[in-house]
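*Asks:* Just passing along the structure, written as structure tokens.
The values are calculated or read from the model by the stated rules, or taken from the named source; none is laboratory data. Just so we're clear, the structure is a prediction, and the values are computed from it rather than from any experiment. Methodologically, a virtual Cβ is constructed for each residue, glycine included, from the backbone with ideal geometry; neighbour enumeration extends over all protein chains shown. For the accessible areas, the whole protein counts, side chains as well, though only heavy atoms, and no ligand, DNA or RNA atoms are used. Shrake-Rupley method; radii C 1.70, N 1.55, O 1.52, S 1.80 Å.
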Amino acid sequence: MQIGNFGFYSQNNLNVWKEKTNISQNLETSSKFNKDSSVQNTNEDKEKNKNKNKNTQNINGKELEADEVQYVRELESIDRNVKAHEAAHIAAGAGVVSGGASYGYTRGPDGKMYATSGEVPISIKKGSTPEETIQNARQIVAAAMAPADPSPQDYKVAASAMQMESQARTEQAQERAKENEELLKKQEEQKQQEDKKTFFNDKKREYALQIYTQNQSAYQPRVEIAG
């Protein structure tokens, strides 16, 4: 199972950027066509282009317009948040996180790739004992809920781990009940053996006393009178 954030970059923003990209490509195609059809530009057109260039900003070696710069800044922020989110999972998931983070990327208007989603593999498995399962489940919950802004997937993983812990506690209670039953049975058997031993000892003492009494009754001392 995976934990992470699969939707930092909203679909609305992505659609807007796609629309922006399509518009740019159409403008570029139109520009090429105009260049082929008209070799000369008027001085007025050159002046307009010069003024337009004053409103652009160089980002990562590309001249971007104000709205494109805004998208870049947003993507930079998302990239930081995504990576911090996944790092929190890994830091809190010792023993249950089974690998490093993987990211989904979005290309910005500056041509750079930005992480806009991420995930961390996590192992949800039972332990060899209910106690070990409970420990694993708690570690999974800690890893899933470690980021400051857990995603819906994180909550889902945490819920699965809590259910696993609940089942392990039921198994633990059943095992303890069985152990107590076996202990009581063993104690009862020991008591029966002790009672039986005491009974035989009492019988032995009673028999010994009976024999002694009989011997005492049958014994007649001989008395000789010297004369």
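*Asks:* For the range 80-125, give me the residue count where each residue is open to solvent by 50 Å² or more (accessible area, probe 1.4 Å), at negative phi and of a type in the set (Gly, Ala, Ser).
*Replies:* Restricting attention to the range 80-125, the residues satisfying the condition of being open to solvent by 50 Å² or more (accessible area, probe 1.4 Å) are 80-81, 83-84, 87, 90-91, 94-95, 98, 100, 102-103, 105, 107, 112-113, 119, 124-125.
Among the residues that remain, those that are also at negative phi are: 80-81, 83-84, 87, 90-91, 94, 98, 100, 102-103, 105, 107, 112-113, 119, 124-125.
Next, from what is left, pick out any that are of a type in the set (Gly, Ala, Ser): 84, 87, 91, 94, 98, 100, 102.
Going through the range 80-125 one residue at a time, the tally reaches 7.
*Asks:* Could you say whether any residue in the range 150-160 is of a type in the set (A, V, I, L, M, F, W, C), part of a helix (DSSP H, G or I) and surrounded by fewer than 17 Cβ atoms within 10 Å (Cβ to Cβ)?
*Replies:* From the range 150-160, those of a type in the set (A, V, I, L, M, F, W, C) are 157-159; that's our starting set.
After this cut, where a residue has to be part of a helix (DSSP H, G or I) as well, the list is 157-159.
If we keep only those that are surrounded by fewer than 17 Cβ atoms within 10 Å (Cβ to Cβ) as well, we get 159.
There is at least one residue in the range 150-160 that is of a type in the set (A, V, I, L, M, F, W, C), part of a helix (DSSP H, G or I) and surrounded by fewer than 17 Cβ atoms within 10 Å (Cβ to Cβ).
*Asks:* Can I ask one more? What are the residues in the range 54-113 that are in contact (Cβ under 8 Å) with a residue 12 or more places away in the chain, of a type outside the set (Asp, Glu) and in contact with a Leu (Cβ under 9 Å, 6 or more places away or on another chain), if any?
*Replies:* Listed by number, the residues that qualify are Gln57, Tyr71, Val72, Thr106, Gly108, Pro109, Lys112.
*Asks:* Here's another thing I want to ask about it. Residue check, Gly108 against (1) in contact with a His (Cβ under 9 Å, 6 or more places away or on another chain); (2) within 30 Å of Lys62 (Cβ to Cβ), all met but one. Which one?
*Replies:* In the conditions (1) in contact with a His (Cβ under 9 Å, 6 or more places away or on another chain); (2) within 30 Å of Lys62 (Cβ to Cβ), Gly108 misses (1) alone.
*Asks:* Related question: For the range 117-126, check the following and say yes or no: at least one residue is part of a helix (DSSP H, G or I) and of a type outside the set (Asp, Glu). Quick ask: steps written out before the conclusion?
*Replies:* So in the range 117-126, the residues part of a helix (DSSP H, G or I) come out as none.
Checking the range 117-126: not a single residue is part of a helix (DSSP H, G or I) and of a type outside the set (Asp, Glu).
*Asks:* Next question. Select from the range 191-219 the residues that are open to solvent by less than 90 Å² (accessible area, probe 1.4 Å) and within 60 Å of the chain's Cα centre (by Cα) and list them in ascending order.
*Replies:* Asp195, Thr198
*Asks:* Oh, and also: Is at least one residue of the range 173-189 open to solvent by less than 70 Å² (accessible area, probe 1.4 Å), farther than 30 Å from Arg80 by Cβ and either in a helix (DSSP H, G or I) or not hydrophobic (A, V, I, L, M, F, W, C) (or both)?
*Replies:* Of the residues in the range 173-189, the ones open to solvent by less than 70 Å² (accessible area, probe 1.4 Å) are 173, 177.
Imposing the further condition that a residue be farther than 30 Å from Arg80 by Cβ reduces the set to 173, 177.
Checking which are either in a helix (DSSP H, G or I) or not hydrophobic (A, V, I, L, M, F, W, C) (or both) leaves us with 173, 177.
Within the range 173-189 (the criterion being open to solvent by less than 70 Å² (accessible area, probe 1.4 Å), farther than 30 Å from Arg80 by Cβ and either in a helix (DSSP H, G or I) or not hydrophobic (A, V, I, L, M, F, W, C) (or both)), the answer is yes, since at least one residue qualifies.
*Asks:* Please tell me if Glu165 is at pLDDT below 95 and either more than 30 Å from Ile90 (Cα to Cα) or open to solvent by less than 90 Å² (accessible area, probe 1.4 Å) (or both).
*Replies:* Details: at pLDDT below 95: no; either more than 30 Å from Ile90 (Cα to Cα) or open to solvent by less than 90 Å² (accessible area, probe 1.4 Å) (or both): yes.
Here the answer is no, as Glu165 does not meet what is asked.
*Asks:* Scan the range 131-149 for residues that are surrounded by 20 or more Cβ atoms within 10 Å (Cβ to Cβ) and charged (D, E, K, R) and jot them down.
*Replies:* none
*Asks:* Scan the range 159-193 for residues that are small (Gly, Ala, Ser) and touching a residue at least 40 places away in the same chain (Cβ under 8 Å) and jot them down. Spell out how you get there, then give the answer.
*Replies:* At the first step, the residues of the range 159-193 found to be small (Gly, Ala, Ser) are 159-161, 166, 168, 173, 177.
Correct list: Ser160, Ala168.
*Asks:* How do the strands (runs of 3 or more DSSP E) wholly within the range 1-110 filter down when requiring 2 or more residues that are under 30 Å from Met145 (Cβ atoms) and at pLDDT 55 or above: which remain? I'd like the intermediate steps shown before the answer.
*Replies:* Values: elements: 57-59, 62-64, 102-107.
Ranges flagged: 102-107.
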